[in-house]
Amino acid sequence: MKTNVERIQKDIEILSQFNATPGRGLTRFSFTEEDRGAREYIKSEMKACGLQVYEDAAGTVIGRLEGEVKGAPTIIVGSHFDSVKNGGNFDGPAGVVMGLEIARSIYENKITTKYPIEFIAMIEEEGGRFGSGLFGSRAMVGKVSREQLDQFKDNEGISIAEAMEAFGLDPNKIQEAARRPEEIKAFFELHIEQGPILEHNKKDVGIVEYIVAINHIEVVVKGRPDHAGTTPMSMRIDALDSATKVISKISAIAKEAGEGTVATVGVLDVSPGATNIVPGEARFTVDIRSKKQECIEKVVKSIEKALKETAKDNKITYTITEKLSVSPIKLDEKIIETFDKNVKKLGFSKESMLSGAGHDAMIMAGITRVGLVFVPSKDGRSHCPEEWTEYKDLQKGIELMYHTILDEAVDVENEG
Ligand code: HGY
Ligand code: MN
Ligand code: MN
């Protein structure tokens, strides 16, 4: 039942061509022509191995293989196919290709399963275009409202709803993407580690036991735009000067929270944004992650305190908006046991891991049993053009998934 490393490589290479920034890493935002090209390739590969192909109301691509037991809950397998800006070829697609290769292997080996399996390619996991991460999985668990589709906009001011309509989707039907817990037996995702542990410890695969909590906040500091030459320093209300006073405290705030808490200011926009104008407004985002929810709350409180102090001394005003909040997740123990059994059967080495990266798996864990496997990232790099995974390493992860998903799809142990 060997999967095919040449096909795996071909999938990744073809998908990487649907890219808005060739030569500067991979940029594939949702509901764009790059999305369209990648989606059509995925759909054609799904059809070629006998799957019933459709898109849910959020735009996630689904290829369904019926099982012998009619009406049985389905196993869902896959990951996302959107990317960050100037990212790499493997973050997301590694898990989508895992699904394609397993679907082909089941088809070629004429395997029938007790339970249906849905192979998926999710959209807007990164939130790269609209700032609304984990969108495809949140829609699948019913957590995306019609209002949010108007609230979240891209850099051109186009809302998700407008982009969906332009793409041929009806935003008013978004709730139809929601699945009921009883419809799903388990969710399996394969992902690149995006860190250095597997490579450093020379392990074939990572079996994820926990995923950290994630919180995204957006801070807008408002000052007053003035002439950079004639406005005395004592009269200025410089939004950027105040924002940087707060930003410079954030790494110490994260360290102080402990438990491996991390915080990142990834976006800083200044307006009006001219050399000779005192900044009137500074907008920045903070990505905060921790094993413990209370550590995230501590970081947010400390950022608010720093903003309050700066506002008092510098006459600025500010707003804080929460854009994403996901609790820490423990993965399914029985699936971890099955992974361990198959790691031994396949003669692989494994590392039990905590995921510092967020994944659709953490959202799906809200309604079903979830298994998540990592494969090594070269030099631990990701979210950059240097992101790389050896195809033979990716194939090992796919082999492990193949055996485990078949156990689940024919398994009577996890019945009901
Ligand atoms: O941000 C993350 O952790 C993931 O790559 N979306
Ligand atoms: Mn990512
Ligand atoms: Mn990802």
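The values are calculated or read from the model by the stated rules, or taken from the named source; none is laboratory data. The model shown is predicted, which means the values in this text are computed figures rather than measured ones. Note that each Cβ is placed from the backbone with ideal geometry, even for glycine, and that neighbours are counted across all protein chains shown. All accessible areas refer to the heavy atoms of the entire protein, side chains included, with ligands and DNA or RNA removed. Shrake-Rupley method; radii C 1.70, N 1.55, O 1.52, S 1.80 Å.
Estimated purely from DSSP H runs of n ≥ 4, each contributing -39500 (n - 2.57), the mean residue ellipticity at 222 nm for the chain is -11000 deg cm²/dmol once divided by its residues. Positive-end ranking of Val375, Val53, Asn215 along the dipole of the chain, with charges on Cβ about the Cα centre, is headed by Asn215.
Relative to the longest principal axis of the Cα atoms of the chain, helix 293-314 runs at roughly 20 degrees. Counting only protein heavy atoms and a 1.4 Å probe, the stretch 213-326 has 53 square angstrom of accessible area per residue. When a 1.4 Å probe is rolled over the protein heavy atoms, the share of accessible surface on the chain that falls to carbon and sulfur comes to 52 percent. Among the lysines of the stretch 43-169, pairs at least eight places apart or on separate chains and with Cα atoms under 19 Å apart come to 5. Straight Cα distances below 18 angstrom link Lys185 to the aspartates and glutamates Glu66, Glu68, Glu118, Asp332, Glu333, Glu337, Asp360, Asp407, Glu408, Asp411, Glu413, Glu415, with same-chain residues fewer than 8 positions distant left out. Listed by chain and number, the lysines whose alpha-carbon sits under 17 Å from that of Lys305, ignoring those within fewer than 8 places in the same chain, are Lys222, Lys245, Lys249, Lys255, Lys315.
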